[in-house]
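What follows is one structure encoded as C-alpha cells, with my remarks underneath.
The values are calculated or read from the model by the stated rules, or taken from the named source; none is laboratory data. On a predicted model such as this, the values are computed, not experimentally measured, just so you know. Every residue, glycine as well, gets a Cβ built from its backbone with ideal geometry; the counts of neighbours run over all protein chains shown. Quick note on the areas: whole protein, heavy atoms, side chains included, nothing else; ligands and nucleic acids left out. Shrake-Rupley method; radii C 1.70, N 1.55, O 1.52, S 1.80 Å.
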Protein chains: 2
Amino acid sequence: MRTLRSYVEGRWHQADAGFVPLHNPCTEEPIAQASSAGVDFGAAYEHARETGGAALAGMTFAQRGELLAAMSKALYQKRDELIELSTLNTGVTRKDAKFDLDGATFTLSYYAKLGKSLGDRTWYAEDEGSQLGRSPRFWGRHLRLPRGGVAVHVNAFNFPAWGLAEKAACALLAGMPVISKPATSSAWVAERCAEILVESGALPAGVFSLICGSSGDLLDRLGERDVFAFTGSADTALELRGKPNLLSASTRVNIEADSLNAAVLAPGLDREGETWNVFLQDVTREITQKTGQKCTAVRRIFVPHDEIDEVQEALCERLSAVVPGDPRDAEVTMGPLATERQLDDAIDGVGKLAAEAQIVHGTGERVDGRGAAPGKGWFFGPTLLRTDRAADVIHRHEVFGPVSTLCAYGGKMQQAAAEVGRARGTLVTSLYVDRAADLTAYLAAGGSTSGRLYVASSKVAAQLPGSGTTLPAMLHGGPGRAGGGEELGGLSGLTLYQQRVAVTGDRALLDRAGAD
Amino acid sequence: MRTLRSYVEGRWHQADAGFVPLHNPCTEEPIAQASSAGVDFGAAYEHARETGGAALAGMTFAQRGELLAAMSKALYQKRDELIELSTLNTGVTRKDAKFDLDGATFTLSYYAKLGKSLGDRTWYAEDEGSQLGRSPRFWGRHLRLPRGGVAVHVNAFNFPAWGLAEKAACALLAGMPVISKPATSSAWVAERCAEILVESGALPAGVFSLICGSSGDLLDRLGERDVFAFTGSADTALELRGKPNLLSASTRVNIEADSLNAAVLAPGLDREGETWNVFLQDVTREITQKTGQKCTAVRRIFVPHDEIDEVQEALCERLSAVVPGDPRDAEVTMGPLATERQLDDAIDGVGKLAAEAQIVHGTGERVDGRGAAPGKGWFFGPTLLRTDRAADVIHRHEVFGPVSTLCAYGGKMQQAAAEVGRARGTLVTSLYVDRAADLTAYLAAGGSTSGRLYVASSKVAAQLPGSGTTLPAMLHGGPGRAGGGEELGGLSGLTLYQQRVAVTGDRALLDRAGAD
C-alpha cells in the first residue's frame, strides 16, 4: 500500500503514524494511506513565506508566467499516467479524468500567457488614474501590489488536479507562495502532480508545498498578509471562516462552496432547434459527468409547466443509456461515487428530496456497477426527480451525486429567476434561451443570484463547453450559499492575492518611481 | 432635553424607554437622549428591502445620481445650522465641523456626477469581454448587477455626517437601500442630517432609514443579498463580523477599523524646501484635527535617526500653539474628546505608550479647556512621544486622540517600510519624499501594508489636502488591522453593493439583451 507524503520545507516528509486510508471506490480496497503527522507546520509556513516569498518577489510577471508554463508542460507530459492514477484513486472514467487534468494544464497555460502579457514588472496600476487637484500634477491611481504573505489552499476531492492548479496559477502569478492541501480521499493524484512539478525542476524553493493529511494548526498561523482559499462543503467552510485569527487579522478568505445550481429552459423553444438539443445534452452531462460530483453540477432543472412531461421523457431516455460501473470496463460511462460516505449521503439525500418530489428515474439506492464485484463499489445510478409544486427541500438540500430535480415553473423568465433565487446563491445558472427579451427579463429579475450565467442559444450551440466547465477567463464563485468567493476571471483572479493600494501624489514622480 | 428619533418604515419613531444620554463634551451637560426601543427591526428591514429596493430598482443610474445631488444640496443648504449643532453635540471647532459636513456633501455630489455618467441603465458590464470559443460569437464578459438586498451601515462617532453620506452614496447609486446607524454619542448630527434629507422630499419611500440607539437584532436578519458595512474599533468589528448568520449566508461585510497610520520622512530633505514644510504642517494637523479622533490620523511618525531632534523641536513648537478648549471661544483651535470614555482611554493609552516611549510634548493627563469651566469638559492637549529604540507598543496600541509618537529609523526607506508594517495593516501611510528612488524603494519593500499611500513632494505641496482626507476617487480601507475593507475609489465603491456576474454566450444575443 502506497504511503503518501507531504512536500514541506523543500523536502518530502513521510509520516509514521496517524494514517487515514484511501480506497479504490470501485473495489472498496484500500490502496494508499495519508498522514501529515510530524509535519512542522510552523516551519512549513515560514519556509513558504520567507524562501518562497523571496523567490517570487524576485521574479517578474513574465518570469512567473514561464514558471506556470513549465508546470503546465510537466503535468501534460505525464497525462496518461495521471489518467490511470485518477481512475485507480477516484474511480473516474478516462473522460472524467481528462476533464480534471486538462482543466489543470489549460488553466496553468492561460495564466502563463497572462504573465507574459504583464511583462517585466512585479506590480501594475489597475487604472490610468484621475486628476485630484487644481492641476493635473496632483494625481491618483490604484496599484496592485504583492502582499508578502502565503496562500493556503484547501481543495475538494472532486478535482484533485484542476483545483490544485487553478488556485496555484493565480497565487503564483500574483507572487504569493502556495501551500496546497488536497482532500485526503483523492490526495494520491494531487501528490503525484506535486511530485511531477518538483521533479520537473521548475519550482523555485519554497514557492509550492503540499500537505497530505490533516492541515494541523496551519490555518491558525495565518495573519494579515495571508490568503486562505477553500473549496468544499458549506458546512466546513462555515467552521473554517469563523476562526478567530482569520477574523481578527482580516486574513483574506475565499470560499467556493457546493451550491444548488440551476438550468432554466426558456418557454417555447423549437423542438428541432439547436438550443433544445443542447439543453438535453448539457443537462444529461451535468447530471452524470464526474458522477455528479461537481460544485457546478446542475441540481435543479426549471422547465415551463406545459413542457415538463416532454422534457422528463427525453431526459429519462438519455439517462437510461448511462452505464455505471468500473471505468476499466469499456462499456462503462459513469464511475462510482468517491467514498462510502458520499454514497451514504447520496442515498440519504435522495430520501430527503423524495419527501417532496417524485423519483422519475433511478432508485435512490446503491446499484451494482458493471465490471465490479456484486455488492462492492460505491455505485449510484443517475437519478432524476420531479416536482410540479413549490417544493422547498430541493432549494435547500444538495445531493452531491448524479442527482437532479425537474421543477415546473409558470413559463415566464421572471418566475424562473425567482425560483432559482430560492437556493440563496449559486455558482452557475444555465439559461437555454433564444429570445433576447427572455434573457433581459431573467437578468432584470434575478441575474445576481448566481456568479455565472451560461447562456446557451442556437448560434453558439456548437461551441459551448457545458455549464459545468470553469473557464479561466471567467469568474468562478457565487454569492450566498455558494460562499461569496471570486476566483479566476482573467486578471481579476490575481486580486485575491494582491493588495489594492491607492497612491496619490505628483504624477511625474509616481511615473518615475514605477508607480504606473 | 432633545429626544432623538429613528426613521424607519417611512416614519419617525420615538422611543419611550431605554434612553442613553448624549453630552456636550465641553460642559459634560446632557443635551439629548437616544433609544431605539420599540423599533420593529423586522418591519424596518422588510420595508427597506421591499419598498426601498423596488424604488431604486426602478431608477437608472442617472436618476439615482439626481437623488444624490438633491441630498447633497439639501445638506449644503443647512450647512450653518449643522456646524452649530456639530459643535454642540461633539465639541468640534467650526473648521472641524466643516471638514465633516463638506466631506459629506462633496462625496454625495461626486457620486451624483458618476451616476450621471453611467446614464440610463440599471447595470453595466465592467469589461468589453473576451472571445471564448473558436469564433468570436461565443463571448464572455462580466456584468455588475444589483443584488436586491439591504445595506446596513454602522458608523463611527467621529464623522456623523461624512460617514453616513459616503456609505449611503455608494449603496444608493448601486441600487441598494440603506439603513444607517450612527454612533450614539454624535447621533444628533446624524439625526438632523436624516431629517433634512427626509424633509427635502428627495428620498423615495424606503431607500433610507436611520436607527438612533441600539441596532437591536437588525444584524441577525441579514442574509445572502445584504451588505453590512462597519466603521469603528477593531474590537467591535471582530465581534460583529463573527456573527453566525453573516458567516453562513456569506453576507458581504466591509470593515474599516482604526489603525496605526504612519508618516514617513524621507532622508535628507531640504530644510528650506516645500516637502519639509508640508511634512511639519501635515503632521501637526493630523495630530490635532478633530482632536486626533480620525481613523486616518497619523499615530507614528518615522524620521531618520539623525534628523529626529530637529523634527521633535519643530513639531513641539507647532503643537505649543494649539489651544484646546470650548470652540465657542474664538481663540480655541482644538476641541475636547467626544466622550468621557474617550478621555479615559486616551489617558490610559498614553500611559501604555509612555512605558516604552518618552513624552516630549503634553502631559498625558486631562487639561482644562479655554473657555470652559475648570474641571469640566473632556479636554486633552496635543501629545507627542518619542522613541529611538525598537519600541513595540506603539505598533500595537492606538490612542484615539491628539497623540502621536516620533520614531527613529535607520534612514533607508526599506527600513521605514518594515517599521510601518509592524502595525499589521493600516489605512494610510504618508510619504514625504522628493526622490523617485526613495518612493520606489518604499513601494517594493512594503507598499502593500497600507490601503493608501499619500505621497507628498515639492511640486504638489500647494495642492495637498492632507493625508487624513478621504477622497471619493480613491480607495478608503486597508489590510489587516485596518479591517481589510474597501470603500470609495470611484466606481469601485459600488462593488460592495453589486454582484459581479460572468455571462457567457452568443455575443450578439448578449448585446441585444442589454448584457453589455
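Is there a residue being modelled with pLDDT of 95 or more, assigned to a loop (DSSP other than H, G, I, E, B) and more than 8 Å from every other protein chain (Cβ to nearest Cβ) anywhere in the stretch A:442-452?
No; the residues of the stretch A:442-452 include none that is modelled with pLDDT of 95 or more, assigned to a loop (DSSP other than H, G, I, E, B) and more than 8 Å from every other protein chain (Cβ to nearest Cβ).
If you go through the stretch A:259-280 one residue at a time, do you hit one that is open to solvent by 10 Å² or more (accessible area, probe 1.4 Å) and at the interface with another protein chain (Cβ under 10 Å from one of its Cβ atoms)?
Looking for residues that are open to solvent by 10 Å² or more (accessible area, probe 1.4 Å) and at the interface with another protein chain (Cβ under 10 Å from one of its Cβ atoms), one finds none in the stretch A:259-280, hence no.
Contact list please: Cβ distance under 7 Å, first residue in the stretch A:217-243 and closer than 23 Å to A:GLN342 by Cα and facing chain B (nearest Cβ under 9 Å), second residue of a type outside the set (D, E, K, R) and open to solvent by 40 Å² or more (accessible area, probe 1.4 Å), pairs at least six apart or on different chains.
Going by the 7 Å Cβ cut-off, the qualifying pairs are A:LEU238/B:SER248.
Considering (1) at positive phi; (2) open to solvent by 10 Å² or more (accessible area, probe 1.4 Å), say which one A:ASP220 fails and leave the rest.
Among (1) at positive phi; (2) open to solvent by 10 Å² or more (accessible area, probe 1.4 Å), the lone unmet condition for A:ASP220 is (1).
Where the second residue is at pLDDT below 95 and the first is assigned by TED's automatic domain parsing to the domain that holds A:ARG507 and lies in the stretch A:116-136, which pairs have Cβ atoms under 6 Å and are six or more apart or on separate chains?
Between residues of the stretch A:116-136 that are assigned by TED's automatic domain parsing to the domain that holds A:ARG507 and residues that are at pLDDT below 95, the close pairs are A:ALA125/A:ASP516; A:GLY133/B:GLN463; A:ARG134/B:GLN463.
So in the stretch B:469-479, with the set limited to residues that are farther than 19 Å from B:ARG424 by Cα and more than 8 Å from every other protein chain (Cβ to nearest Cβ), which one is farthest from the chain's Cα centre (by Cα)? Show your work before the answer.
First, pick out the residues of the stretch B:469-479 that are farther than 19 Å from B:ARG424 by Cα: B:469-474.
Right, trim to more than 8 Å from every other protein chain (Cβ to nearest Cβ) and you get B:469-470, B:472.
On the way: B:THR469: 9, B:THR470: 7, B:PRO472: 11 Å.
Applying the filter and picking the extreme gives B:PRO472.
Report, by residue number, each residue of the stretch B:68-82 that is within 22 Å of the chain's Cα centre (by Cα) and open to solvent by less than 60 Å² (accessible area, probe 1.4 Å).
B:LEU68, B:ALA69, B:MET71, B:SER72, B:ALA74, B:LEU75, B:ARG79, B:LEU82
Picking from B:LEU56, B:LEU118, B:LEU85, which residue would you name as being over 22 Å from the mean Cα position of the chain (by Cα), more than 14 Å from every other protein chain (Cβ to nearest Cβ) and modelled with pLDDT of 95 or more? Give the steps one after another, and end with the answer.
Working: B:LEU56 fails: more than 14 Å from every other protein chain (Cβ to nearest Cβ); B:LEU85 fails: over 22 Å from the mean Cα position of the chain (by Cα).
When all the criteria are applied, what remains is B:LEU118.
Six or more apart or on different chains, Cβ atoms under 6 Å: show the pairs whose first residue is in the stretch B:195-209 and open to solvent by less than 20 Å² (accessible area, probe 1.4 Å) and whose second is of a type in the set (Phe, Trp, Tyr).
Close Cβ pairs (under 6 Å, with a partner that is of a type in the set (Phe, Trp, Tyr)) amount to B:SER209/B:TYR7.
Look through the stretch B:130-160, keep the residues that are more than 26 Å from the chain's Cα centre (by Cα), outside any strand (DSSP E or B) and facing chain A (nearest Cβ under 9 Å), and return whichever of them is surrounded by the most Cβ atoms within 10 Å (Cβ to Cβ).
Once the filter is applied, the top-ranked residue is B:LEU132.
Of everything in the stretch A:494-503, what is out of contact with any Pro (no Cβ under 7 Å at 6 or more places or on another chain) and open to solvent by less than 10 Å² (accessible area, probe 1.4 Å)? Give them in sequence order. Explain how you work it out, then say what you get.
Just the residues of the stretch A:494-503 that are out of contact with any Pro (no Cβ under 7 Å at 6 or more places or on another chain), to begin with: A:494-497, A:500-503.
A:LEU494, A:TYR497, A:VAL501, A:ALA502, A:VAL503 - these are the residues of the stretch A:494-503 that are out of contact with any Pro (no Cβ under 7 Å at 6 or more places or on another chain) and open to solvent by less than 10 Å² (accessible area, probe 1.4 Å).
Which of the strands (runs of 3 or more DSSP E) contained wholly in the stretch A:353-419 include at least 2 residues that are open to solvent by 10 Å² or more (accessible area, probe 1.4 Å) and free of Cβ contacts under 8 Å to residues at least 40 places away in the same chain? Give the derivation first.
Values: elements: A:358-361, A:383-387, A:403-409.
Answer list for the stretch A:353-419: A:358-361.
If you go through the stretch B:491-510, how many residues are within 8 Å of chain A (Cβ to nearest Cβ), over 19 Å from A:ASP127 (Cα atoms) and either in a helix (DSSP H, G or I) or β-branched (Val, Ile, Thr) (or both)?
6
Which of the residues spanning the stretch B:264-284 are touching a Leu at 6+ places or on another chain (Cβ under 8 Å) and not aromatic (Phe, Trp, Tyr)? First the steps, then the outcome.
Going through the stretch B:264-284, the residues touching a Leu at 6+ places or on another chain (Cβ under 8 Å) turn out to be B:264, B:266, B:275-276, B:278-280, B:282-284.
Answer for the stretch B:264-284, where residues must be touching a Leu at 6+ places or on another chain (Cβ under 8 Å) and not aromatic (Phe, Trp, Tyr): B:VAL264, B:ALA266, B:THR275, B:VAL278, B:LEU280, B:ASP282, B:VAL283, B:THR284.
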